[in-house]
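Shown next, in structure tokens, is the structure this report addresses.
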Amino acid sequence: MRRVRPGAAASRAGTAAPSGRPAGTVARAAGGSSAPAGGETGGPAKRAAGEERTLTSVAAGDRYQGEEPQDLPRLWHVTLSVSGDEAPLKEVRRALEQLAHDHPFLLTSRYANDHAEIRYWEEARDLHDAAAVALRLWGEHRQTAGLPPWEIVGLEVIDRQTYHQRIAEGYGPPPATPVGAHPF
């Protein structure tokens, strides 16, 4: 993609722009940034107002060292809290066990007759996708698993690194063992 200063016509490859600049360059607009162009290193570039700079690009597949690809899925630890009118404990437990069967990544759930907490790992591209899936989980499985008509009252979605950091520092939720549905 080539950028052209407003009012200047784009030039064809290999020809000079109407202002006399070679193709692939742009003039820095008045008041524009003096930050280095892509690929340059060091502090801010010292350019006079209106001085040209060459546009650079990054080859496909190249990325900065330490940068994670944005489109690869990552693991997110999800804690979903629901509550509502009281329901028989046996029915709540049976429904949560069915949910665990329907949603195989369910780690553990804790329940009482008027609230429950579900913890599981979700694989998603980013936090927004993981949260969207979590917010749909209870409603989408309500009929098939026979879940109580409770509403979602809490949601926490954290990445794997944060989860393990919390565990190591002693203030996160304990690892989900044993797996299954357990009373509070």
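The values are calculated or read from the model by the stated rules, or taken from the named source; none is laboratory data. Treat the numbers as computed from the prediction; the structure is a model and nothing was measured. Don't worry about glycine lacking a Cβ; one is built from the backbone with ideal geometry, like all the others, and counts go over all protein chains shown. Only protein heavy atoms, including side chains, enter the accessible area calculation; ligands, DNA and RNA are left aside. Shrake-Rupley method; radii C 1.70, N 1.55, O 1.52, S 1.80 Å.
Okay, here's what the table says:
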item	result
Selection status of residue 145, touching a Leu at 6+ places or on another chain (Cβ under 6 Å), of a type outside the set (S, T, N, Q) and over 23 Å from residue 75 (Cβ atoms)	yes
Tally, over segment 59-89, of residues that are over 26 Å from residue 131 (Cβ atoms), modelled with pLDDT under 95, open to solvent by 100 Å² or more (accessible area, probe 1.4 Å) and not polar (S, T, N, Q)	2
Filtered residues of segment 84-105 (kept if closer than 20 Å to residue 153 by Cβ, without any contact (Cβ under 8 Å) to a residue 40 or more places away in the chain and under 29 Å from the mean Cα position of the chain (by Cα))	103
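This table checks each residue for (1) open to solvent by 40 Å² or more (accessible area, probe 1.4 Å); (2) at pLDDT below 90; (3) in a helix (DSSP H, G or I); (4) of a type in the set (Asp, Glu).
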{"position": "148", "(1), (2), (3), (4)": "no, no, no, no"}
{"position": "156", "(1), (2), (3), (4)": "yes, no, no, yes"}
{"position": "167", "(1), (2), (3), (4)": "yes, yes, yes, no"}
{"position": "178", "(1), (2), (3), (4)": "yes, yes, no, no"}
